[in-house]
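Nothing in this text is a laboratory measurement; each read-out follows from the coordinates by a stated rule. Treat the numbers as computed from the prediction; the structure is a model and nothing was measured. Because the Cβ atoms are built from the backbone with ideal geometry, glycine has one as well, and the counts that use them run over all protein chains shown.
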Amino acid sequence: MKIAKEFTLINQLGLHARAAARLVSLLSQAEGDVWVRYGDREVNGKSILSLLTLSAPKSTTIEIEVEGESSQEILASVAELVEDRFGEES
Amino acid sequence: MPNGEKILVSVLLVTHSPLAHALTEAAHWILGRDFEDFHSLDLAPSGSPQDHLAELERTLGRMNAEQILILTDLFGGTPHNLALTQLDPGRIEVVSGANLPMMLALDGLRQEFDTVAELAPAIAKKGRHAVVDAGGSLKRHRHEFGTGEIPAIDP
């Protein structure tokens, strides 16, 4: 199963290092490939260095495509993480 | 070790003090966890080359690993030169120029590559590609697209 979903980054720092690391730890649970898109760029969602090259700041929207049996659950966890501002802001 | 659990190539980071400790701390902070099968060794300016070599050998002995990747900070520097005395192709490989991107990529690459012979060139490549002339990239973007927006970096 392959599912894609869009997320708007609402945390102050956008997709910076610690946020990217937390995102990678979720996306790495996928059985198949994971792609993250921002603008005209598409990178491997299981690689923190690739995610950081996106330089996606606050208020931008990224699209995440997850392949695998648990894609739905993983995207639901990503939604919680983004909504929780990556656990960075109280 | 439980059946089926992957055996990671062990890693030793050896640098001029306090870089090994600092790089490790920074990576832990970003990743939110410690590394497995990972050791770091800061060589103090006060020690002699003989002391440093003994310390390196003791650390490698304690690691007791079948395959070890030694990351050093500077090609030609003392930590690197001492690490080279331990080079044993296929069992102990040495890569210089350790940087934070390499540290962040370490676990992913260790999952991908089972042997230190494959891991060494892969991590060297990651480290090189993560060095970006951000200003130059921005200039090229402005030239191509005519916007002042900060672009995605393409290292």
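Looking at this structure, is B:VAL132 more than 11 Å from the chain's Cα centre (by Cα), farther than 17 Å from B:SER40 by Cα and crowded, with 16+ Cβ neighbours inside 10 Å?
no
Only one of these conditions is not met by B:ARG58: (1) within 14 Å of B:LEU13 (Cβ to Cβ); (2) of a type outside the set (Ser, Thr, Tyr); (3) free of Cβ contacts under 8 Å to residues at least 60 places away in the same chain; (4) surrounded by fewer than 22 Cβ atoms within 10 Å (Cβ to Cβ). Which number is it?
(1)
Among the residues of region A:35-65, count how many are touching a residue at least 40 places away in the same chain (Cβ under 8 Å) and either under 16 Å from A:ALA4 (Cβ atoms) or at the interface with chain B (Cβ under 9 Å from one of its Cβ atoms) (or both).
The number of residues fulfilling the criteria is 8.
Take the residues in region A:15-34 that are small (Gly, Ala, Ser) and over 16 Å from B:ALA105 (Cα atoms), then tell me which one is nearest to the other protein chains (Cβ to nearest Cβ).
A:ALA30
Give B:GLU36, B:GLU25 a once-over and let me know the one that is surrounded by fewer than 19 Cβ atoms within 10 Å (Cβ to Cβ), within 14 Å of chain A (Cβ to nearest Cβ) and within 18 Å of B:ALA105 (Cβ to Cβ).
When all the criteria are applied, what remains is B:GLU25.
Taking the stated definitions as given, is B:GLY90 within 14 Å of another protein chain (Cβ to nearest Cβ), of a type outside the set (A, V, I, L, M, F, W, C) and at positive phi?
no
Against the conditions (1) surrounded by 15 or more Cβ atoms within 10 Å (Cβ to Cβ); (2) without any contact (Cβ under 8 Å) to a residue 60 or more places away in the chain; (3) among the polar types (S, T, N, Q), where does A:SER71 fall short? Just the number, please.
(2)
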